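Take a look at the structure below.
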Amino acid sequence: MRRSESARKALSWFWLALGMLYFFLPLVATFLFSLKGRKGVLSFAAYANVLADPQFLKTFLFSLEMAVFTILASLVLIVPTAIWIHLKLPKAKGLMEALSLMPFVIPPIVLAFGLIKTYSKPPLVLVSSPVLLVAGYVIISFPYMYRTIDAGLRAIDLPLLTEAAQILGARWTTVLFRVALPGLRASILSAVFLCFATVIGELTLAVILAWPAFGPYMALVGRDLAYEPAALSIMSFALTWGSIGLMQFISSRGVARRGRGHRP
Amino acid sequence: MAFIELRDLRKSFGKTEVVKDLSLEVRKGEFLSFLGGSGCGKTTTLRMIAGFETPSSGSIFIDGEDMENVSPRKRRLGMVFQNYALFPNLDVAGNIAFGLHVAGAKGKSAKKRVAEMLELIGMEGYAQRYPRELSGGQQQRVALARAIAVEPEALLLDEPLSALDAKIRQRLRDDIRSIQKKLGMTMIYVTHDQEEALSISDRVAVMRDGRIEQLGSPSEIYDNPATAFVATFIGSLSSLCCEVADAAAGLLLVDGRILRAVAPLAASSGETLSLSLRPESITLSPSSADDNVLPGEVEAVKFLGSIVRLVVHSCGQAVFVDSFNDPRRALPEPGEEVKLCFPPEACHLRPSHPAVRVPAEEISTSVEA
Amino acid sequence: MPRSQALRKAGSWLGLGPFLCFAIAFMILPALSILAGSFMNKSGAFTFANFAHLARQNIVASYRVTIELSAVTAAIGTVLGALVSYAVVAGGLPKGLRSFTITFSGVASNFAGVPLAFAFIATLGRVGLVTALAKSLFGIDLYGSGFNLYSFWGLSLTYVYFQMPLMILTIEPAIVGLRREWREASESLGASSWTYWLRVGLPILTPSLLAAFILLFGNAFGAYATAYALTGGMLNLVPILIGAQIRGDVLHDPNLGYALALGMVVIMLAAIFLYSSLQKLASRWQR
């Protein structure tokens with residue numbers, strides 16, 4: 001190998017190593033920190049404490065429930081709409097692109113504010129209903145869900161397949177259930193995992209709308225205890241890694257593309 | 001003395017050996033083409049000459065100097081890529097002047113050279129245009145000018161016309177050849193298009209599977225293919241099975257008939273050989289007393305524009321017969337009985353492998369202008 | 001027949017109905033109500049007073065700090081992320097590293113908010129691992145020499161943790177689009193690596209780099225969770241300030257909050273507009 005090539009490689013290794021160090025050092029530190037639950041010994045005591053805390057289970061289950069509702073609502077709203085646009089209304093793609101940029105323009109903190117303002121006065125008092133939280137979550141995860149589904153639809157070229165199916169005599173129900181949805185399976189699974197990871201760890205909406213979700217619980221723990229937060233952090237990271245890892249694994253099998261990470 | 005010499009070049013990517021033991025000498029000022037299908041190693045060889053790939057073993061000499069530790073920057077070779085590779089952020093003048101600026105040429109002399117180049121490629125007035133505003137053919141011209149502007153020792157072209165339309169391809173290849181002749185520049189050209197290689201090269205190296213099957217002038221390659229691969233790769237060919245009746249007199253036995261090839265034959269009597277005939281060497285009526293004659297039945301008539309190709313069934317094989325489209329003559333009909341006439345010189349003989357019959361290979365003669 | 005065609009066209013748009021209703025109800029309407037609220041005072045009358053309040057010193061300071069934070073973390077994230085992305089995509093490293101880095105970046109850019117804050121407390125907090133190691137191994141007293149995780153720079157370091165992976169993901173397509181042939185053409189014309197980057201590579205990448213920078217800027221500007229979890233409201237950031245207005249701070253003034261929120265939306269809109277324009281420019285060059 002020539003000198004310039006090996007010099008380039010060495011530099012690449014350097015930057016990658018630096019990047020990896022930046023990523024892994026906090027994780028390692030947190031893990032080690034979380035093992036300090038009991039004085040003087042390395043143990044999983046902090047994890048045990050967390051798991052034993054009734055609030056942990058309660059808030060986690062709550063967030064899990066919210067995640068399920070969010071996923072269902074998102075899928076019901078977004079998948080048919082995306083398919084409709086691809087098949088019947090390509091002109092609306094620009095509108096959808098613009099809409100999917102809106103949650104970036106309206107960050108969760110502002111969205112929470114707006115939701116409270118709009119829905120705290122009669123006749124639409126939703127502030128005390130979890131529906132508002134789920135709606136907020138759907139809006140937050142909408143850009144990534146839509147992009148994932150859209151990429152999946154583009155990859156299978158739905159209009160083309162639909163024409164082919166129709167020439168062969170298929171009705172629109174057949175097209176939907178035997179062409180569109182199977183082709184989207186990988187994308188939908190990706191979107192589901194992304195949505196799940198987003199909702200479980202979400203803090204802003206949950207705190208502002210005052211719900212006993214997992215995010216606020218973690219914040220509370222952080223305020224009072226020392227080592228338990230580290231344990232929670234590792235567990236949360238493992239959960240996110242697991243979800244997204246699964247998502248990557250499935251999309252590498254299917255035709256889906258990944259969405260981007262969510263905002264802090 | 002050879003200007004560019006490749007000695008026992010080998011290149012492997014992982015376990016796959018892409019170039020196997022390749023040796024070649026390129027003369028100064030010549031136009032040499034590497035011709036072959038995809039995967040034959042021609043592009044890899046070119047990239048090794050350029051310095052973008054390092055040979056696994058073997059050496060490359062340019063003007064007597066070993067290129068082993070010389071980076072592409074220092075080799076003074078120009079390169080033209082298949083997808084033009086023009087710098088999108090620079091206009092035409094900026095692209096052409098790039099190498100000049102790198103070499104430290106100052107404003108005025110660089111500008112003059114750019115103007116010269118634009119004139120050479122026939123694109124005066126395009127200096128301020130950007131690559132995205134140009135057609136494929138125009139971009140490739142600019143790429144050519146960019147490479148030539150720095151007066152390289154030799155120019156390497158990697159399938160420069162593959163991405164272009166047929167008509168543009170023809171024009172541009174003639175332009176490349178005339179520029180080469182005008183400047184007396186050594187050019188090494190890689191292509192999979194045999195018509196391209198044959199029409200503009202001084203010599204052609206037909207490659208297969210990492211090796212050079214034959215190196216010679218276009219007419220040598222076409223008229224005297226050295227191997228079965230070259231024979232079938234270049235042009236179209238019909239092959240008949242024959243037996244040597246009399247090696248000294250050059251007599252062959254085909255389907256019970258005696259045919260005459262050019263004597264003496266480099267084979268022994270009784271040996272089975274493969275007789276190959278080019279479509280254009282066969283006529284439907286004898287042009288001299290020496291001609292061989294075989295009977296046949298017309299299977300199909302293909303009108304290819306300037307050429308009419310007949311597929312004639314003879315001696316149990318399909319034989320292609322090409323003739324120029326003559327409006328005065330009527331075309332034969334399928335089913336008609338015809339005579340296939342060809343001189344002894346048209347007979348190309350090759351050892352035949354009984355297990356492998358060389359089928360009649362039809363390669364479309366590029367009559368689409 | 002134009003009439004039936006027009007009817008069919010209208011019908012197509014109806015298909016978007018459910019989603020549009022949802023988006024309007026839970027995104028557009030809240031946004032509009034904020035817009036409206038910023039022009040009203042506590043009794044509901046029209047006023048510009050809220051915007052006048054934005055000129056208050058502590059609010060201006062808050063915007064300044066937030067802009068600084070966003071710009072700094074976006075800049076660091078852009079540079080580091082671009083270098084890492086280039087290293088794995090075009091730097092001659094084993095191919096497996098690229099997909100690993102991309103996957104990991106997908107995870108890391110999600111790892112924000114409370115867990116991230118905890119992670120950095122465990123790393124660079126007063127009794128964090130790196131703090132302790134610095135003392136025991138190198139004899140450096142981080143906190144003694146003025147470092148504090150719960151400060152501007154501490155928060156910046158934390159933000160970079162999700163900014164860098166976002167950059168890696170965002171710039172990857174642009175680096176893939178940086179054709180190998182451009183570099184080779186440049187080399188064959190005698191240019192060194194430096195010359196190539198200076199005259200070809202960086203100019204081509206610049207629109208994408210700028211676009212990504214702006215994306216990162218917006219990302220940091222709107223961030224609430226991490227800042228809240230790490231500094232608990234100590235650092236005077238605009239999102240924190242907005243949160244305080246909602247949650248009944250001492251100086252609780254929702255109308256001011258609306259004005260603040262509107263200000264934030266305007267900045268984000270500008271960011272998105274710049275981002276889209278730069279992306280369009282970049283794609284024009286990449287053909």
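Derivation of every value follows stated rules applied to the coordinates shown; laboratory data play no part. All values reported here derive from a predicted model rather than from experimental measurement. Here the Cβ is made from the backbone with ideal geometry for all residues, glycine too, and neighbour counts use every protein chain on show.
Assorted remarks:
- For chain B, taking Cα atoms only, Rg and Dmax work out to 24.5, 78 Å respectively.
- Since only B:G14, B:T283, C:G201 are under comparison, the one whose Cα sits farthest along the positive direction of the charge dipole of the protein assembly as shown, derived from C-beta charges on Lys, Arg, Asp and Glu, is C:G201.
- Separation of alpha-carbon centers, the stretch B:166-200 and the stretch C:184-212, rounded to whole Å: 30 Å
- Kyte-Doolittle mean at least 0.5, axial Cα span of 15 Å or more - DSSP H helices of chain A: A:3-34, A:54-88, A:93-105, A:108-119, A:130-156, A:181-201, A:228-253
- Taking GluC sites (Glu not before Pro) in DSSP loop states with no more than 12 other Cβ atoms inside 10 Å as exposed sites, chain B has its longest site-free stretch at B:125-367.
- Simple spin-label estimate for B:N325 and A:V125 gives 8.8 nm between the two label positions (7 Å along the Cα-to-Cβ direction from each Cα).
- Its relative contact order, with pairs defined as Cα atoms under 8 Å and 6+ residues apart, puts the stretch B:236-351 at 30 percent.
- Legend: ranking of residues B:Y84, A:Y22 from fewest to most surrounding C-beta atoms inside 10 Å; resulting order A:Y22, B:Y84.
- Per the Debye formula on identical point scatterers at the alpha carbon atoms of chain A, with no solvent, log10 I(q)/I(0) at q = 0.12, 0.14 Å⁻¹ is -0.88, -1.06.
- A Gaussian network model of chain C, with springs between Cα atoms under 10 Å, assigns the largest mean-square fluctuation among C:S277, C:S145, C:S70 to C:S145.
- The GNM of chain A, with springs linking C-alpha atoms under 10 angstrom apart, assigns the highest mean-square fluctuation among A:I167, A:I78, A:I234 to A:I167.
- Its DSSP H runs of at least 4 residues, each contributing -39,500 (n - 2.57), put the calculated 222 nm mean residue ellipticity of chain A at -25500 deg cm²/dmol, to the nearest 500.
- Note on the protein assembly as shown: semi-axes of the ellipsoid equivalent to its C-alpha gyration tensor, largest first and rounded to whole Å, are 69, 34, 28.
- Extension gain for C:V127 to C:F51 (0.36 nm times residue separation, less C-alpha to C-alpha distance): 23.0 nm.
- Inter-chain neighbour count for A:33-39: the average number of beta-carbon atoms from partner chains within 10 Å of each residue's beta-carbon is 2.
- Here, the stretch C:49-285 yields an orientationally averaged convex hull projection of 16.2 nm² when only Cα atoms define the hull.
- Listed by Cβ neighbour count within 10 Å, with the fewest neighbours leading, B:H101, B:H313 appear as B:H313, B:H101.
- Neighbour net charge for A:A45 - beta-carbon separation under 12 angstrom, K R +1, D E -1: +2
- By the count of other C-beta atoms within 10 Å, a proxy for reagent exposure, C:M268, A:M20 are ordered fewest to most as A:M20, C:M268.
- Fluctuation leader among C:G44, C:G106, C:G154 - chain C, Gaussian network, Cα springs under 10 angstrom: C:G44
- Cleavage-rule hits (trypsin sites (Lys or Arg not before Pro)) in the stretch A:33-72: DSSP loop, at most 16 neighbouring Cβ within 10 angstrom: A:R38, A:K39
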